[in-house]
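The values are calculated or read from the model by the stated rules, or taken from the named source; none is laboratory data. Because the structure is a prediction, the values reported are computed rather than measured. Virtual Cβ from ideal backbone geometry, glycine too; neighbours counted across all protein chains shown.
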Amino acid sequence: MTATIIGAAAASIWLYLIAFHGRFWWVRQQAVAVSAAPRRSIVAVIPARDEEAVIGRAVASLMAQRYPGPFHIVVVDDQSSDGTAELARAAAADDPDRLTVAAGQPVPAGWTGKLWAVRQGIEIARRWRPDYLLLTDADIVHAPDSLSELVARAETGNYDLVSLMVRLHCRSLSERLLIPAFVFFFFKLYPPRLVADPARRTAAAAGGCMLVRRNTLERIGGVDGIRHEIIDDCALARRVKAVGAVWLGAAGSTSSIREYRSWRPIWDMIARCAFAQLGYSAVALVASVTTANCWSGGKAPWPTGTRSILKASETVLKKACVPQSDRVASTAELVADLQVGRPILGCQPHDQPATKDQSLRGGMSSDQSV
């Protein structure tokens, strides 16, 4: 009887999520006409620390943008011990005036490394007085029309912040097991339709690709107010939505080239931010693990399943990590079943993966100084 009641409750929750929760499992946005993008000025800010494996391709992709408006790139070299700065400059050798590489200053108390580097980049960008700031990461390779599409989206929809969940590297077994489940979890918490709805409080962004109006960013006090946040991208989105409009979508071609050669870096990233994404709510945590467990098809009989849920929840509360791997795998299988049309999970193989295994340090985005 107990198992039936809990099973019915879980089924009801999933029915609500699938039918009434912003259709988070179907991330499809209408195409925006690139020709609609006015020639707004943009400065891209890239925080980078020990990113010689990826920074060259990231800067090169920005240098190759088919964007007709004024555009400059600022790379903040956050005290790298490798050739990050040199490789960034080499990628812009054909037009060096479009790139500024700045040496980052030591991180002061109360700041995360990435946000401190971003803040320094924003300060440098002020000299060009751009209409927009593109906050991106050192492992992101942007599609040639990425800037034009982002600006067109912001202008036609009058959005203050436009963000794309880029296509994450998803080739190894650990990547295929964990990353789809993590992205699914992200969109379940932050359905793009609800993010864009001005009547809803839901706000989110993906730190790898965020285009924000400079005036709006200054209106909310820059990134100073979120300097201590673990998930800085979503924190920024909340502050922006309090005074304006936010749009979140999934990228078609813009992608991350960061490779995770083992499960540990992905696990650590989830451990740092999964519980924070639930608003530090133990109730929400138990509910999330419960629905994932019940959706697994009853692999663990009740009350054994109940003990598994409580044990997994206790683990996350203590270490802020995800449920057991079989729960994650079940979620990944659900995602695969829900895919209709083009993939929505932001995963794709890469023929030229990065050669350096690095961990994420914040949010959905990698931390070069996520």
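Observations, loosely collected:
- Search result, residues across the stretch 239-253 that are at pLDDT below 95 and either over 17 Å from residue 155 (Cα atoms) or not assigned by TED's automatic domain parsing to the domain that holds residue 162 (or both): 250, 251, 252, 253
- Every condition in (1) among the basic types (Lys, Arg); (2) at pLDDT below 85; (3) surrounded by fewer than 16 Cβ atoms within 10 Å (Cβ to Cβ) holds for residue 219 except the one numbered (2).
- One residue from 107, 43, 54 being within 22 Å of residue 249 (Cα to Cα), in the same structural domain as residue 195 (by TED's automatic domain parsing) and of a type in the set (Val, Ile, Thr): 43
- When the residues of the stretch 254-278 are filtered to those that are basic (Lys, Arg) and assigned to a helix (DSSP H, G or I), the one that is modelled with the highest pLDDT is 264.
- Of the residues screened, residue 74 is not one that is closer than 23 Å to residue 255 by Cβ, at pLDDT below 95 and not acidic (Asp, Glu).
Yes/no matrix, rows are residues, columns are (1) outside the structural domain of residue 213 (by TED's automatic domain parsing); (2) touching a Ser or Thr at 6+ places or on another chain (Cβ under 8 Å); (3) at pLDDT below 95; (4) surrounded by fewer than 20 Cβ atoms within 10 Å (Cβ to Cβ):
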{"residue": "113", "(1), (2), (3), (4)": "no, yes, yes, yes"}
{"residue": "121", "(1), (2), (3), (4)": "no, no, no, no"}
{"residue": "124", "(1), (2), (3), (4)": "no, yes, no, yes"}
{"residue": "140", "(1), (2), (3), (4)": "no, yes, no, no"}
{"residue": "153", "(1), (2), (3), (4)": "no, no, yes, no"}
{"residue": "163", "(1), (2), (3), (4)": "no, no, no, no"}
{"residue": "166", "(1), (2), (3), (4)": "no, yes, yes, no"}
{"residue": "169", "(1), (2), (3), (4)": "no, yes, yes, no"}
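- Looking only at the stretch 77-115, residues that are assigned to a helix (DSSP H, G or I), among the small types (Gly, Ala, Ser) and out of contact with any Lys or Arg (no Cβ under 8 Å at 6 or more places or on another chain) come to 3 in all.
The rows are residues; the columns are (1) among the small types (Gly, Ala, Ser); (2) touching a Pro at 6+ places or on another chain (Cβ under 8 Å); (3) buried (at least 23 other Cβ atoms within 10 Å of the Cβ).
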| site | (1), (2), (3) |
| --- | --- |
| 41 | yes, yes, no |
| 50 | no, no, no |
| 56 | yes, no, no |
| 79 | no, yes, no |
